[in-house]
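Single-structure report; data block below.
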Amino acid sequence: MKIFNDLVLKFEKSDWSKNPEFGVIDTILELHPEIYGIFKFEMAGNEDINNFGRGDTPTVEQIVRAAFYKEIKGYDYRELEYAQSDSHICSTFIKLDERKPFCFQTFQKFISRISEDTLHKVLVELVKIAIEEGFEDISKIRQDSTVVKSNIHYPTNNSLVWDCIHESHRLLSHLKEEVEALSFIDYTKSAKSTYFKINVTKSKDKQVDLFIKQLITFTKAINQVS
């Protein structure tokens with residue numbers, strides 16, 4: 001397999017071995033230059049850009065490669081401009097060849113003309129080629145977790161105990177939907193009342209008594225889940 005042999009040579013260099021996804025795409029693009037033709041007319045508009053480019057204008061190949069790099073890394077155009085100088089793998093993948101990095105306005109001008117559907121279709125074709133060559137195993141999937149901004153309450157002892165009681169009830173409720181014969185005691189009503197009383201009670205002694213009561217309820221809830 002020519003793709004495999006070419007890829008092995010690339011992976012002998014540490015930059016590519018640490019960035020296998022770019023190594024695979026680079027090898028496929030080298031062996032399938034017809035892919036660039038899919039983008040050319042969409043990017044060019046009424047302007048004359050070609051496969052060679054000028055000193056201040058990227059080639060079709062460089063624009064396409066920059067678009068792939070930006071998409072995979074999730075960069076904006078300013079981050080893409082910085083990566084050309086900061087990342088050796090970026091400059092290698094985009095094929096700057098010792099040329100001065102292109103400004104973000106230049107890439108934005110051409111990449112923004114590429115429709116999302118076109119880029120998606122080409123990415124799918126690249127994955128198909130990678131599957132055919134044995135580089136991708138579609139029997140497995142890898143996902144990264146996504147952090148979502150949300151409001152949380154301050155984690156006091158009282159709130160944490162209440163959260164555990166509430167979560168215990170939620171889990172048992174879901175389990176009952178699958179096991180109809182399951183029966184359990186709902187401790188959330190009394191626990192919620194105690195939770196609010198602890199928050200509003202100013203007397204430390206009363207707070208202690210109420211919290212001990214809550215801990216007993218908490219133990220019952222946990223034992224019930226167990």
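The values are calculated or read from the model by the stated rules, or taken from the named source; none is laboratory data. A quick note: this is a predicted structure, and the numbers were derived from the prediction, not measured. Virtual Cβ from ideal backbone geometry, glycine too; neighbours counted across all protein chains shown. These area figures cover heavy atoms from the full protein model, side chains too; ligands, DNA and RNA do not enter into them. Shrake-Rupley method; radii C 1.70, N 1.55, O 1.52, S 1.80 Å.
Descriptive notes on the structure:
- Residue 158 satisfies every condition listed in (1) closer than 30 Å to residue 73 by Cα; (2) modelled with pLDDT of 90 or more except (1).
- Candidate set from the stretch 78-87 (those that are at pLDDT below 90 and hydroxyl-bearing (Ser, Thr, Tyr)); member that is nearest to the chain's Cα centre (by Cα): 87
- Filter result for residue 47 (acidic (Asp, Glu), closer than 14 Å to residue 109 by Cβ, open to solvent by 60 Å² or more (accessible area, probe 1.4 Å) and modelled with pLDDT of 80 or more): no
- Hey, residue 186 touching a residue at least 12 places away in the same chain (Cβ under 8 Å), charged (D, E, K, R) and open to solvent by less than 80 Å² (accessible area, probe 1.4 Å) or not: yes
- Selected residue (criterion: surrounded by the fewest Cβ atoms within 10 Å (Cβ to Cβ)) from residues of the stretch 61-99 that are among the aromatic types (Phe, Trp, Tyr) and farther than 22 Å from residue 20 by Cβ: 82
- Flag for residue 202 being without any contact (Cβ under 8 Å) to a residue 24 or more places away in the chain, outside any helix (DSSP H, G or I) and exposed (fewer than 14 other Cβ atoms within 10 Å of the Cβ): yes
- Filtered residues of the stretch 129-143 (kept if loosely packed, with under 11 Cβ neighbours inside 10 Å and either among the hydroxyl-bearing types (Ser, Thr, Tyr) or part of a helix (DSSP H, G or I) (or both)): 139
- Here the stretch 100-117 is the region considered, the condition is being more than 15 Å from residue 57 (Cβ to Cβ), open to solvent by 30 Å² or more (accessible area, probe 1.4 Å) and not charged (D, E, K, R), and the residue that is modelled with the lowest pLDDT is 115.
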